[in-house]
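Peer 1: Structure below; questions to follow.
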Amino acid sequence: MDILKTKINNVRNVSRYTIGEGSLADLPNHLMTKRKKTKKQAIFFIDQYFKNSSIILKFLKIENCDKVIFVPTENEPTTNYIDDQVMLLKKQGFNKPCAIIGIGGGITMDVAKAVSNLLTNEGKAEDYQGWDLLKNPGIFKIAVPTISGTGAEATRTCVMTNKDTGLKLGMNSDFTVFDQIIMDPKLSSTVPKNQYFYTGMDAYIHCIESKNGNYRNAVGDAFSSQTIHLCREIFSSKNMMSDTNRSKLMVASYLGGCAIATSYVGLVHPFSAGLSVVLGLNHCIANCITMRAMSEFYPYEYDEFWTMADKQNVEIPKSICDNLNEEEFDKLYKATIIHEKPLTNALGDDFRNVLTKKKVIEIFRRM
Ligand code: NAD
Ligand code: ZN
């Protein structure tokens, strides 16, 4: 399984974090230490949801020299979107800001990471889709998650889709890891219920995939076990969005991100990536849909997942592949099987013997 030998065995975590209700108010202080006379500007990427949220914007103490970009979240980031942002920022003189801050969910945090990397590394976003390709550390970067589950605040990747090649892959590098994160559970109180479940379950799914995989790391396993434990408590309780549970899920998301930064996902993510690339479904809902077809591979977790989904009364779409044609199934197969690392992690070097084209299509039909 040589394919799994990357730099993830020498683990880098985020340098600093703060956690607690109201911790967003500390952000200007963290920035103050970075703002110098010559390098004063900061760039804020903020989830478009907060465009009119005076309460949050007031805490940020944005200065006149700063740049604020509201990130659209209907679609996940593409390499072209990242390249456009970098080009515009350079044109406007924001080549060397003192910091980049990403405030939002996985999309916004990933945009902040990718732009930070590209302001210090020549070329285009697609040049760095892969493992350990970046040459220089990015701009100092801070994450403020406003929805919990993906662990994007903790991982060494930023997921982007290349529309030309159909490749959904991030810049996996130690340079992608945030320097500072601020976890303020107050921020996730406004997340819609279904979305809260879909994104929250990304933490659970990362960790069940990692713990069932071939590539293990003792510390990663410990992070995974605690993440799964927290998710069980949250999603088996009456109100998954209570203050306590939102706080717990922020921790689970962070720990799940730490877990996945030292290991690989398994079967759910490659199939989910297929749904995202071919049918345009967003990552976390696509994971939940994929779980419909996972009883054969993760029987215990399959039962547990659907018990939690029933308990929380969330809607997970079904039969989404019922009316697809042969060409679309072909695309789904290709977009899934391309993910060699997680599939090797789940099934071993000869994963293609298990996941024949016929088998892959049958799995998609089960969704
Ligand atoms: P998201 O960024 O896709 O946002 C989901 C929705 O929630 C959006 O409509 C957004 O506007 C809304 N939202 C966010 N915070 C809110 C709040 N406080 N109140 C109300 N609405 C709010 O969220 P996500 O599920 O966290 O991220 C998915 C993305 O993360 C995908 O692009 C996926 O590829 C990526 N991802 C990255 C990693 C990584 O390690 N970098 C890991 C997993 C997934
Ligand atoms: Zn995920």
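The values are calculated or read from the model by the stated rules, or taken from the named source; none is laboratory data. These numbers come from a predicted model, not from an experiment. Here Cβ is always computed from backbone atoms with ideal geometry, including for glycine, and neighbour counts include all displayed protein chains.
Peer 1: Can you spot a residue in the range 208-216 that is modelled with pLDDT of 95 or more, within 11 Å of ligand 1 (Cβ to nearest atom) and either in a helix (DSSP H, G or I) or farther than 30 Å from Lys58 by Cβ (or both)?
Peer 2: No, every residue in the range 208-216 fails to be modelled with pLDDT of 95 or more, within 11 Å of ligand 1 (Cβ to nearest atom) and either in a helix (DSSP H, G or I) or farther than 30 Å from Lys58 by Cβ (or both).
Peer 1: Look through Tyr81, Tyr128 and report the one residue that is within 26 Å of Ala286 (Cβ to Cβ), within 13 Å of ligand 1 (Cβ to nearest atom) and of a type in the set (Ser, Thr, Tyr). If you could, list the steps in order and put the result at the bottom.
Peer 2: On the way: Tyr128 fails: within 13 Å of ligand 1 (Cβ to nearest atom).
The conditions single out Tyr81.
Peer 1: Looking at the structure I just gave you, is Ile103 surrounded by 22 or more Cβ atoms within 10 Å (Cβ to Cβ) and in a helix (DSSP H, G or I)? Talk me through it step by step, then tell me what you get.
Peer 2: Details: surrounded by 22 or more Cβ atoms within 10 Å (Cβ to Cβ): yes; in a helix (DSSP H, G or I): no.
Answer is no for this residue.
Peer 1: Restricted to the range 285-342, and to residues that are surrounded by fewer than 18 Cβ atoms within 10 Å (Cβ to Cβ) and of a type in the set (S, T, N, Q), which residue is farthest from Met240 (Cα to Cα)?
Peer 2: Filtering first and then ranking leaves Asn325.
Peer 1: Tell me yes or no: at least one residue of the range 164-179 is crowded, with 22+ Cβ neighbours inside 10 Å, among the basic types (Lys, Arg), over 21 Å from Gly274 (Cα atoms) and within 15 Å of ligand 2 (Cβ to nearest atom).
Peer 2: No, every residue in the range 164-179 fails to be crowded, with 22+ Cβ neighbours inside 10 Å, among the basic types (Lys, Arg), over 21 Å from Gly274 (Cα atoms) and within 15 Å of ligand 2 (Cβ to nearest atom).
Peer 1: Within the range 157-199, take every residue that is more than 8 Å from ligand 1 (Cβ to nearest atom) and of a type in the set (D, E, K, R) and give me the one that is nearest to Lys341 (Cα to Cα).
Peer 2: Asp174
Peer 1: Just name the residue that is nearest to ligand 1 (Cβ to nearest atom) out of those in the range 131-152 that are modelled with pLDDT of 95 or more and outside any loop (DSSP other than H, G, I, E, B).
Peer 2: Checking each candidate, the answer is Pro145.
Peer 1: Is it the case, given these coordinates, that Leu187 is out of contact with any Ser or Thr (no Cβ under 7 Å at 6 or more places or on another chain) and either away from ligand 2 (no atom under 16 Å from the Cβ) or at pLDDT below 95 (or both)? Talk me through it step by step, then tell me what you get.
Peer 2: Values: out of contact with any Ser or Thr (no Cβ under 7 Å at 6 or more places or on another chain): no; either away from ligand 2 (no atom under 16 Å from the Cβ) or at pLDDT below 95 (or both): yes.
In short, no.
Each row is one residue, and each column tells you yes or no for (1) among the polar types (S, T, N, Q); (2) at pLDDT 95 or above.
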{"position": "Cys65", "(1), (2)": "no, no"}
{"position": "Val68", "(1), (2)": "no, yes"}
{"position": "Pro72", "(1), (2)": "no, yes"}
{"position": "Thr79", "(1), (2)": "yes, yes"}
{"position": "Val86", "(1), (2)": "no, yes"}
{"position": "Gln92", "(1), (2)": "yes, yes"}
{"position": "Ala114", "(1), (2)": "no, yes"}
{"position": "Leu118", "(1), (2)": "no, yes"}
{"position": "Asn121", "(1), (2)": "yes, yes"}
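Peer 1: Right, another one. Give the residues of the range 249-285 that are in contact with a His (Cβ under 9 Å, 6 or more places away or on another chain) and free of Cβ contacts under 8 Å to residues at least 40 places away in the same chain, sorted by residue number.
Peer 2: Across the range 249-285, the qualifying residue is only Ser272.
Peer 1: If a residue must be part of a loop (DSSP other than H, G, I, E, B) and over 29 Å from Ala273 (Cβ atoms), how many such residues does the range 44-99 contain? Before you say what the answer is, go through the steps one by one.
Peer 2: Taking the range 44-99 and keeping what is part of a loop (DSSP other than H, G, I, E, B), we get 51-53, 61-66, 72-77, 92-98.
Filter once more, keeping what is over 29 Å from Ala273 (Cβ atoms): 51-53, 61-66, 92-98.
Summing the residues that are part of a loop (DSSP other than H, G, I, E, B) and over 29 Å from Ala273 (Cβ atoms) in the range 44-99 gives 16.
Peer 1: Follow-up. Using beta carbons and a limit of 7 Å, which pairs, at least six apart or on different chains, have the first residue in the range 54-72 and aromatic (Phe, Trp, Tyr) and the second one at pLDDT below 90?
Peer 2: Sorted first by the residue in the range 54-72, then by its partner, the list stays empty.
Peer 1: Please report, ordered by residue number, the helices (runs of 4 or more DSSP H) entirely within the range 236-327 with at least 3 residues that are among the β-branched types (Val, Ile, Thr). Break it down into steps so the answer makes sense when it comes.
Peer 2: Numbers: elements: 243-261, 268-279, 283-290, 299-312.
Output list reads 243-261, 268-279, 283-290.
Peer 1: Run Thr150 past the list (1) surrounded by 23 or more Cβ atoms within 10 Å (Cβ to Cβ); (2) among the polar types (S, T, N, Q); (3) more than 16 Å from ligand 2 (Cβ to nearest atom) and report the number of the one that doesn't hold.
Peer 2: Exception for Thr150: condition (3).
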